[in-house]
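Reviewing the structure listed below.
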Amino acid sequence: MTWIVVRARSNVNVERRIKDTMLHLNLTKVNHAVIISDNDQYRGMLQKAKDYITWGEATEELVTTMLTERGRMVGDSPLTDAIVAEHTDYANIAAFAKAIVAGEATVKDVPDLKRVFRLHPPRGPKGWGGIKRSFVVGGALGARGDKIGALVERMM
C-alpha cells in the first residue's frame, strides 16, 4: 500500500520534533504532497504530524495524474514517458504509477525526480474545510482514507 501525504498547515509555533518529522517527510511548505510507502516508520511519522498534514490511500489513477501533471525533474522540466523508460524497467508513467501503488517501486527510482509535488490550494467553495480540525469532524487534518483523491484532484 502507498500513501499520499499533503501538508495543510505552516510550521509557525510548531514543536521542534514535529518540524523535524515534516522535514523528514519532505513536506517543507503548505500544499506540498509526497507519495510514501506504508511501513511502521512512516505510520509513526504520520501520527506525530497528524495536526499539520492529511493523508490517504493512493490509487493508480491518482498517482498517474500526479506524476504526469505535477512530476518535475531537477531543473523544473516535466516528467515524461521517455525519462521513465530510460531510468526504470517500466515503459511509461502509467506502468511506473502502478508499480508505486503496488509497492514494487518508489518515486526515488527515477534519478533527479523531485520527491515533492507542488499543488495549488484546494479549489472550490469548501477549500480546506478548516485546518484546525480533524477530517472526521469536518476539517482537513489527519487520515482521509480513499477520500484523499477528491482533495488532490481539487488541488491539481
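The values are calculated or read from the model by the stated rules, or taken from the named source; none is laboratory data. Note that the structure is predicted; figures quoted are calculated from it, not measured. As a convention, Cβ positions derive from the backbone with ideal geometry for all residues, glycine included, and neighbour counts pool all protein chains shown.
Can you say whether V14 is part of a loop (DSSP other than H, G, I, E, B) and either closer than 16 Å to R144 by Cβ or out of contact with any Lys or Arg (no Cβ under 6 Å at 6 or more places or on another chain) (or both), as far as the supplied structure shows? Steps first, please.
On the way: part of a loop (DSSP other than H, G, I, E, B): yes; either closer than 16 Å to R144 by Cβ or out of contact with any Lys or Arg (no Cβ under 6 Å at 6 or more places or on another chain) (or both): yes.
For V14, the condition - part of a loop (DSSP other than H, G, I, E, B) and either closer than 16 Å to R144 by Cβ or out of contact with any Lys or Arg (no Cβ under 6 Å at 6 or more places or on another chain) (or both) - is met.
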### Query
Of all residues in the stretch 23-46, how many are within 19 Å of V12 (Cα to Cα), not aliphatic (A, V, I, L, M) and not in a strand (DSSP E or B)?
5
### Subset of the stretch 92-131 [under 14 Å from A58 (Cβ atoms), part of a loop (DSSP other than H, G, I, E, B) and free of Cβ contacts under 8 Å to residues at least 12 places away in the same chain]
E104
#### Entry: Unmet requirement for V84, which otherwise passes all of (1) in contact (Cβ under 8 Å) with a residue 24 or more places away in the chain; (2) surrounded by fewer than 15 Cβ atoms within 10 Å (Cβ to Cβ); (3) not aromatic (F, W, Y)
(2)
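This table checks each residue for (1) hydrophobic (A, V, I, L, M, F, W, C); (2) farther than 18 Å from M155 by Cα.
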position: K98; (1), (2): no, yes
position: A102; (1), (2): yes, yes
position: K108; (1), (2): no, yes
position: P122; (1), (2): no, no
position: G127; (1), (2): no, no
### Query
Limited to the stretch 72-100, what total is found for residues that are closer than 26 Å to R9 by Cα and in contact with a helix residue (DSSP H, G or I) (Cβ under 9 Å, 6 or more places away or on another chain)?
1
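Among residues belonging to the stretch 96-128 that are aromatic (F, W, Y) and at pLDDT 95 or above, point out the one that is nearest to A85 (Cα to Cα). Even if it seems obvious, please write down each step before you answer.
Filtering the stretch 96-128 down to residues aromatic (F, W, Y) leaves 96, 117, 128.
Subsequent filtering for residues that are at pLDDT 95 or above retains 96, 117.
Numbers: F96: 9, F117: 20 Å.
If we take residues in the stretch 96-128 being aromatic (F, W, Y) and at pLDDT 95 or above, then F96 is nearest to A85 (Cα to Cα).
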### Query
What pairs come up if the first residue lies in the stretch 132-156 and is within 16 Å of R7 (Cβ to Cβ) and in contact (Cβ under 8 Å) with a residue 24 or more places away in the chain, the second is β-branched (V, I, T) and in a loop (DSSP other than H, G, I, E, B), and their beta carbons are under 6 Å apart, counting only those six or more places apart or on different chains?
A140/I131
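If a residue has to be of a type in the set (K, R), over 26 Å from E104 (Cα atoms) and surrounded by fewer than 18 Cβ atoms within 10 Å (Cβ to Cβ) to count, how many in the stretch 1-47 make the cut? Lay out the reasoning, then the answer.
Taking the stretch 1-47 as the starting set, the residues that turn out to be of a type in the set (K, R) are 7, 9, 16-17, 19, 29, 43.
Subsequent filtering for residues that are over 26 Å from E104 (Cα atoms) retains 9, 16-17, 19, 29.
With the extra rule that they be surrounded by fewer than 18 Cβ atoms within 10 Å (Cβ to Cβ), the set shrinks to 16-17, 19, 29.
The number of residues fulfilling the criteria is 4.
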### Task
Please state which one of G149, G142 is farther than 19 Å from K50 by Cβ, modelled with pLDDT of 90 or more, buried (at least 18 other Cβ atoms within 10 Å of the Cβ) and small (G, A, S).
G149
